[in-house]
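For reference, the structure is listed below as structure tokens.
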Amino acid sequence: MSWETREIDFLVIGSGVAGLRAAIELQQAGRVLILAKSAVSEGSTEYAQGGVAVALSDDDRISFHEQDTLKVGAGLCDKEAVQILVTEGPDRIEELIKWGASFDTADGKLWFSREAAHSRDRIIHSGGDSTGAEIERALIAKARTLDNIEFVDYGFTVDLIVDDGICKGAFVLVGLDVPRLVCVKARATVLATGGAGQVFSFTTNPEVATGDGVAIAFRAGADLVDMEFVQFHPTTLCAEGVPAFLLSEAMRGEGGVLRNSDGKRFMENYHEDAELAPRDIVSQAMASEIKATGGRRLYLDLRHLPAGFVKGRFPRIYETCLGHGLRADLDLLPVHPAAHYMIGGVKSDKNGRTTLMGLFACGEVACAGVHGANRLASNSLLEGVVFGKRAGQAAQASGLAPSSAPDSLLGDFHRAMGSGSHELPTDEVIAARETVRKTMWKQVGIVRDAEGLGSADECLRALEHISGLKTPHPQLMEARNIFYVGAAICHAAQMRTESRGTHSRSDYPKQSDPKWLRHLVLSASDGLEGLFSR
Ligand code: FAD
Ligand code: SIN
């Protein structure tokens with residue numbers, strides 16, 4: 001395998017909403033390289049449907065948005081981070097509009113919709129249900145007008161370059177068929193690799209969401225936090241032979257209801273806001289309902305909405321359902337909760353600083369405490385633009401010297417990658433990856449208990465050899481990352497002996513304050529071993 005070295009001022013790993021916004025900030029201070037492991041636009045941002053929560057409507061207040069976010073976060077939100085999100089959010093959205101993002105309007109004004117647990121109509125959207133694609137389009141277009149920004153697609157980051165306790169860039173496999181190793185030296189590195197839905201076998205997330213950033217950062221020496229909190233989205237299309245596909249929460253916001261296999265609504269039995277209860281409550285109620293009915297199906301029902309409404313308001317979802325033989329306005333849509341959003345992640349402060357010098361994080365890979373134990377719907381795209389900009393500002397202000405990573409370090413990595421000494425048979429790695437994903441879904445999913453978590457822990461331990469894998473095949477390196485992230489989630493879920501927000505334990509059904517009114521930090525200095533000790 002060939003290798004080369006590149007030097008750049010700032011390296012941004014990830015080209016979703018967070019990475020792009022960080023890069024646009026950073027280019028004022030130097031040359032920026034943006035890496036995407038697939039096509040530039042591929043990532044969760046591109047698939048975001050419902051919209052962006054922002055307190056811009058006449059009857060809304062920043063303080064209302066703040067209260068809603070804190071309430072849903074079940075006591076674990078960082079208040080300062082929430083205050084930043086809701087206060088800076090409106091400016092970031094105005095800025096997106098200035099850069100060409102187009103949001104849906106009604107009567108010449110932004111059209112605000114309702115989603116669960118919002119006390120106001122607060123969600124702006126684009127093309128009905130293509131909000132993320134429009135934001136991604138506008139940010140890429142903006143970035144492409146800036147001379148200091150360069151994109152590299154199909155550039156898979158394997159690990160970070162760490163020298164003397166400082167992150168000095170990354171080891172990247174570039175190219176599709178026969179990747180070459182590029183050691184990218186950078187003054188500062190911004191991690192914006194998105195989420196980890198693919199750690200679970202049933203997910204709304206695209207294939208690229210394998211949690212690479214969390215695993216990469218942990219291996220490099222950055223701490224993780226809140227890893228037990230994984231959000232399961234209630235309404236994911238779930239039919240035989242149909243790939244998991246999100247049916248936006250906005251569909252319930254517009255009046256869609258959930259029914260059990262007897263055709264009865266059940267959410268009223270679980271929460272006063274019924275289908276518009278916070279997402280954790282709806283998903284957990286659905287899990288109970290499925291259990292109570294011996295595993296029978298649940299459905300999203302939109303049939304009572306005015307003729308033509310569903311098709312007009314949710315064109316992308318309508319077409320996708322149609323492609324699978326379902327008429328979203330006439331048929332009951334079979335749904336099941338699916339892994340959707342990683343609330344925990346790389347521990348970062350309000351400016352994206354991680355515990356590893358030279359490494360910044362923003363977007364879904366980062367955890368600055370904005371979402372607490374459960375994320376309010378449509379707060380994630382907003383988080384991406386608000387904290388992406390802040391991470392970019394902090395990285396350029398950090399005053400880090402040009403990367404001085406010694407060639408010997410780079411040579412060692414290249415030898416390890418090229419030697420094949422850390423390789424395992426491909427089939428074995430792919431099988432291990434699937435075992436982890438299925439185990440995580442079954443034992444570390446919507447409702448957890450000590451027995452299931454213990455058996456997941458054992459299963460992961462038995463696959464520990466995956467952690468040492470070093471091979472120039474991105475897909476196999478993703479398996480290693482899925483293993484790390486699975487182990488981190490399972491470990492944190494075992495430790496938190498209470499139920500709070502998205503973390504639901506049938507053996508500890510109550511929230512336990514003040515004992516658990518705290519964050520669980522997984523220290524990178526304990527290494528992988530720390531994830532398997534109690
Ligand atoms: P992403 O947009 O996922 O981008 C990640 C980037 O990192 C990609 O460019 C990828 O190639 C790159 N990358 C990953 N690993 C590597 C690696 N090893 N090397 C190099 N590059 C790498 N949130 C809302 O607020 N509103 C919504 O309506 C909404 N709808 C959603 C619908 C769906 C179906 C999904 C899946 C999520 C939705 N979310 C929504 C959540 C939201 O879309 C994401 O949290 C957000 O877009 C994440 O942005 P990001 O920039 O952090 O990561
Ligand atoms: C959705 O459209 O339901 C997704 C919104 C989100 O994840 O915030």
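Out of 210, 189, I need the residue that is closer than 13 Å to residue 43 by Cβ, buried (at least 23 other Cβ atoms within 10 Å of the Cβ) and polar (S, T, N, Q). Which one? None of the others qualify; the one that does is 210. Just one residue in the set 165, 197 is in contact with a His (Cβ under 7 Å, 6 or more places away or on another chain) and of a type outside the set (Asp, Glu); that residue is 197. The residues listed here are 43, 30, 73, 19; of these, the one that is small (Gly, Ala, Ser), surrounded by 24 or more Cβ atoms within 10 Å (Cβ to Cβ) and over 22 Å from residue 101 (Cα atoms) is 73. All of (1) over 23 Å from residue 188 (Cβ atoms); (2) out of contact with any Ser or Thr (no Cβ under 6 Å at 6 or more places or on another chain) hold for residue 335 with one exception: (2).
Does residue 118 fit the bill of being in a helix (DSSP H, G or I) and in contact with a helix residue (DSSP H, G or I) (Cβ under 8 Å, 6 or more places away or on another chain)?
Numbers: in a helix (DSSP H, G or I): no; in contact with a helix residue (DSSP H, G or I) (Cβ under 8 Å, 6 or more places away or on another chain): yes.
No, not satisfied.
Considering only region 360-387, state which residues are among the aliphatic types (A, V, I, L, M) and more than 10 Å from ligand 1 (Cβ to nearest atom). Listed by number, the residues that qualify are 368, 370, 373, 386.
Selection of region 246-271 for residues being within 14 Å of ligand 1 (Cβ to nearest atom) and either closer than 16 Å to residue 334 by Cβ or within 17 Å of the chain's Cα centre (by Cα) (or both) yields 246, 247, 248, 249, 251, 252. The residue that is farthest from ligand 2 (Cβ to nearest atom), among those in region 355-388 that are over 15 Å from residue 88 (Cα atoms) and of a type in the set (Ser, Thr, Tyr), is 355.
Candidates 186, 133, 138: the one that is within 22 Å of the chain's Cα centre (by Cα) and under 30 Å from residue 473 (Cβ atoms) is 133. Would you say residue 243 is farther than 30 Å from residue 400 by Cβ, away from ligand 1 (no atom under 11 Å from the Cβ), at pLDDT below 95 and under 22 Å from the mean Cα position of the chain (by Cα)? In short, yes. Residues considered: 248, 261. Of these, the only one that is surrounded by fewer than 20 Cβ atoms within 10 Å (Cβ to Cβ) and small (Gly, Ala, Ser) is 261. Helices (runs of 4 or more DSSP H) fully within region 424-534 that include at least 2 residues being out of contact with any Cys (no Cβ under 6 Å at 6 or more places or on another chain), open to solvent by 20 Å² or more (accessible area, probe 1.4 Å) and among the basic types (Lys, Arg): 426-443. Return a yes/no flag: does region 25-46 have any residue that is more than 22 Å from residue 475 (Cα to Cα) and of a type in the set (Asp, Glu). Checking region 25-46: at least one residue is more than 22 Å from residue 475 (Cα to Cα) and of a type in the set (Asp, Glu).
For region 4-16, the condition of being among the aliphatic types (A, V, I, L, M) and more than 21 Å from the chain's Cα centre (by Cα) holds for at least one residue. Just a yes or no: is a residue in region 83-92 near ligand 1 (Cβ under 10 Å from one of its atoms), open to solvent by 20 Å² or more (accessible area, probe 1.4 Å) and either farther than 24 Å from residue 206 by Cβ or hydroxyl-bearing (Ser, Thr, Tyr) (or both)? There is no residue in region 83-92 that is near ligand 1 (Cβ under 10 Å from one of its atoms), open to solvent by 20 Å² or more (accessible area, probe 1.4 Å) and either farther than 24 Å from residue 206 by Cβ or hydroxyl-bearing (Ser, Thr, Tyr) (or both).
The residues of region 61-70 that are open to solvent by 10 Å² or more (accessible area, probe 1.4 Å) and in contact (Cβ under 8 Å) with a residue 24 or more places away in the chain, listed by number, are 62, 64, 67, 68, 70.
Pairs meeting the criteria (first residue in region 135-158 and over 21 Å from residue 44 (Cβ atoms) and touching a residue at least 60 places away in the same chain (Cβ under 8 Å), second residue more than 10 Å from ligand 1 (Cβ to nearest atom) and open to solvent by 40 Å² or more (accessible area, probe 1.4 Å), beta carbons under 7 Å, at least 6 apart or on different chains) are 148/31.
Selection within region 154-176: residues that are under 14 Å from residue 38 (Cβ atoms) and modelled with pLDDT under 95. The member of this set that is surrounded by the most Cβ atoms within 10 Å (Cβ to Cβ) is 175. Of the residues making up region 312-350, those that are among the basic types (Lys, Arg) and touching a residue at least 12 places away in the same chain (Cβ under 8 Å) are 313, 316, 347, 350. Of the residues making up region 221-263, just one is touching a Gly at 6+ places or on another chain (Cβ under 8 Å), within 16 Å of ligand 2 (Cβ to nearest atom) and among the acidic types (Asp, Glu), namely 249. Total residues in region 120-146 satisfying the condition of being surrounded by fewer than 19 Cβ atoms within 10 Å (Cβ to Cβ) and touching a Lys or Arg at 6+ places or on another chain (Cβ under 9 Å): the figure is 4.
The values are calculated or read from the model by the stated rules, or taken from the named source; none is laboratory data. What you see is a predicted model; the values in this text were computed from it and never measured. All Cβ positions, even for glycine, are placed from backbone atoms using ideal geometry, and neighbour counts span all protein chains on display. Please note that ligands, DNA and RNA were not included when accessible areas were found on the heavy atoms of the full protein model with its side chains. Shrake-Rupley method; radii C 1.70, N 1.55, O 1.52, S 1.80 Å.
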